[in-house]
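Novice: Could you have a look at this structure, given as structure tokens, before my questions?
The values are calculated or read from the model by the stated rules, or taken from the named source; none is laboratory data. If you're wondering where the values come from, they're calculated on a predicted model, not measured in any experiment. In this analysis, Cβ positions are derived from the backbone assuming ideal geometry, glycine residues included, and neighbour counts consider all displayed protein chains. To get the accessible areas, we keep the full protein, side chains included, count just its heavy atoms, and leave off ligands, DNA and RNA. Shrake-Rupley method; radii C 1.70, N 1.55, O 1.52, S 1.80 Å.
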Amino acid sequence: VVFELVRRVAESILFFERAYALDPNNFSAPWNAALGCLSIGEFAKGWTLHEHRFAARAIIDPRLAGLPLFGGRGVAPLRILVCGEQGIGDEVMFGSMISDFRPLAEKLVVRVDPRLVPLFRRSLPSDIDVIGNATSIELSHFDAQIPLGSLGLHVRGTSAAFEQSARGYLRADADHVRRLRTLLSPGHGTPLVGVSWRSTNAVSAARRSIELGRMCRIISKVLPGARFVSLQYGDVSADIRAASEHTGVEVARCPGVDVSRDLDAVAALIGACDAVMTIGNTTAHLCGALGKRAAVLLPFASSWRWMAESRHTPWYDSLELFRKDTPTTAWDEVIGAAALRLPEQLQSAPASAMVGCAR
């Protein structure tokens, strides 16, 4: 774990494998090795080891215990239930594999967080059914189930397998994007910069979250006159008030958009922005899945989802990643480097304003 935290990932994988060899009941070891492999692009090995997460922790919905797991290629096409797992960000990221998995099933039903249902229904092929994870189902209507995080075992064995979906697979409502754009920027020439600065993860929030006022102050030096728009979920009233009191920066919250619950509206809000800067949270995943250019701010040792060291992730080619060079690097340096890239986002905004949008 220590090697992992200092970004010596290849060595950490070796130690996790040794730990598993010494104690075959320690299923957390191969699961951690899996995440290390995925973070350095060893996808075939990583997805295989990733299946150990079931033994390490109960992930499968107990209500589906009577439904067997999908057995892999070579079996007859089946009626398959794809089940969301972990959190919103992971469901968005893993959701990029659904369309590629579709040919392996006779019928495919995807069960995800209810907040994602409208967005997924608009974006995925029409022959894929999308339902909320609280929706009751009849197990006899299916032959097998597969968790979203297991799709990679079948459709993401190489870096090349990411190329198509990396350009964005979700589609915001184009009319909603236009309405929000008009509401937030009734005049002309004022760039809208979407910002998200906080993580709610109990374990990693402290090293991932950034002070809002600091972020906006540095961006303002590069983009004077920019209007900031909150893309942050949760109760952020205190953060926005502190930013205004201490730095004079005003951050707008879009009326009528519940950033925590209405993710379809959040997708439209992201589409309405000219540029986006965010930490590596759900907002970043939504930007990438929409094909929206965004700068993502990361700590020295970030989640496997953002790869170990690269400026880019194979999951989303519209995102540029900015990391701390050392564990003690000041956030100001990272924000400053990312802010210098925002003018490029603005230059591409007029041509790409409707990327990730659909009627």
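Novice: Is it true that some residue in segment 108-127 is aliphatic (A, V, I, L, M), without any contact (Cβ under 8 Å) to a residue 40 or more places away in the chain, open to solvent by less than 70 Å² (accessible area, probe 1.4 Å) and more than 24 Å from Trp47 (Cα to Cα)?
Specialist: Yes; the residues of segment 108-127 include at least one that is aliphatic (A, V, I, L, M), without any contact (Cβ under 8 Å) to a residue 40 or more places away in the chain, open to solvent by less than 70 Å² (accessible area, probe 1.4 Å) and more than 24 Å from Trp47 (Cα to Cα).
Novice: Can you tell me which residues in segment 161-182 are more than 30 Å from Arg253 (Cα to Cα) and at pLDDT 95 or above? I'd like the intermediate steps shown before the answer.
Specialist: Kept after step one, since they are more than 30 Å from Arg253 (Cα to Cα), are these residues of segment 161-182: 161-165.
Passing the criteria: Ala161, Phe162.
Novice: Which members of segment 217-242 meet the condition of being more than 17 Å from Ile279 (Cα to Cα), open to solvent by less than 50 Å² (accessible area, probe 1.4 Å) and in contact (Cβ under 8 Å) with a residue 24 or more places away in the chain?
Specialist: Ser220, Val222, Leu223, Ala226, Ala242
Novice: Within segment 307-337, can you find the residues that are outside any strand (DSSP E or B), of a type in the set (A, V, I, L, M) and within 26 Å of Arg171 (Cβ to Cβ)?
Specialist: Met307
Novice: A further question on this structure: Give segment 125-148 a look and list any residue that's assigned to a helix (DSSP H, G or I) and not aliphatic (A, V, I, L, M), or say none. Working first, answer last.
Specialist: The first filter runs over segment 125-148 and keeps only residues assigned to a helix (DSSP H, G or I), leaving 139-141, 148.
If the condition is that a residue be assigned to a helix (DSSP H, G or I) and not aliphatic (A, V, I, L, M), then Ser140, His141 are the ones that fit.
Novice: Further question: It is to be established whether one or more residues within segment 260-272 are of a type in the set (Val, Ile, Thr), assigned to a loop (DSSP other than H, G, I, E, B) and within 30 Å of Leu151 (Cβ to Cβ).
Specialist: The initial filter retains those residues of segment 260-272 that are of a type in the set (Val, Ile, Thr), namely 266, 270.
From what is left, the residues that are assigned to a loop (DSSP other than H, G, I, E, B) are none.
No, because not a single residue in segment 260-272 is of a type in the set (Val, Ile, Thr), assigned to a loop (DSSP other than H, G, I, E, B) and within 30 Å of Leu151 (Cβ to Cβ).
Novice: Also, I was wondering about something else. Just for segment 196-216: of the residues that are touching a Ser or Thr at 6+ places or on another chain (Cβ under 7 Å), polar (S, T, N, Q) and open to solvent by less than 20 Å² (accessible area, probe 1.4 Å), which one is farthest from Val296 (Cα to Cα)?
Specialist: The qualifying residue farthest from Val296 (Cα to Cα) is Ser199.
Novice: Residues of segment 183-213 being modelled with pLDDT under 90 and assigned to a loop (DSSP other than H, G, I, E, B), which ones?
Specialist: Those that are modelled with pLDDT under 90 and assigned to a loop (DSSP other than H, G, I, E, B): Ser185, Pro186, Gly187, His188, Gly189, Thr190, Ser199, Thr200, Asn201, Ala202, Val203, Ser204.
Novice: Just checking, how many residues over segment 131-150 are in contact with a helix residue (DSSP H, G or I) (Cβ under 7 Å, 6 or more places away or on another chain), crowded, with 20+ Cβ neighbours inside 10 Å and under 10 Å from Gly84 (Cβ atoms)?
Specialist: Counting residues in segment 131-150 that are in contact with a helix residue (DSSP H, G or I) (Cβ under 7 Å, 6 or more places away or on another chain), crowded, with 20+ Cβ neighbours inside 10 Å and under 10 Å from Gly84 (Cβ atoms) gives 2.
Novice: Of the residues in segment 289-323, how many are closer than 19 Å to Leu231 by Cβ and among the basic types (Lys, Arg)?
Specialist: 3
Novice: Still on this structure: Select, from Glu344, Glu333, Glu320, Glu309, the only residue that is charged (D, E, K, R), surrounded by fewer than 16 Cβ atoms within 10 Å (Cβ to Cβ) and at pLDDT 95 or above.
Specialist: Numbers: Glu344 fails: at pLDDT 95 or above; Glu320 fails: surrounded by fewer than 16 Cβ atoms within 10 Å (Cβ to Cβ); Glu309 fails: at pLDDT 95 or above.
Exactly one of Glu344, Glu333, Glu320, Glu309 is charged (D, E, K, R), surrounded by fewer than 16 Cβ atoms within 10 Å (Cβ to Cβ) and at pLDDT 95 or above, namely Glu333.
Novice: Have a look at Ala76, Ala55 and point out the one that is open to solvent by 30 Å² or more (accessible area, probe 1.4 Å), under 30 Å from Glu138 (Cβ atoms) and in a loop (DSSP other than H, G, I, E, B). Steps first, please.
Specialist: Working: Ala55 fails: in a loop (DSSP other than H, G, I, E, B).
Just a single option satisfies the conditions, and that option is Ala76.
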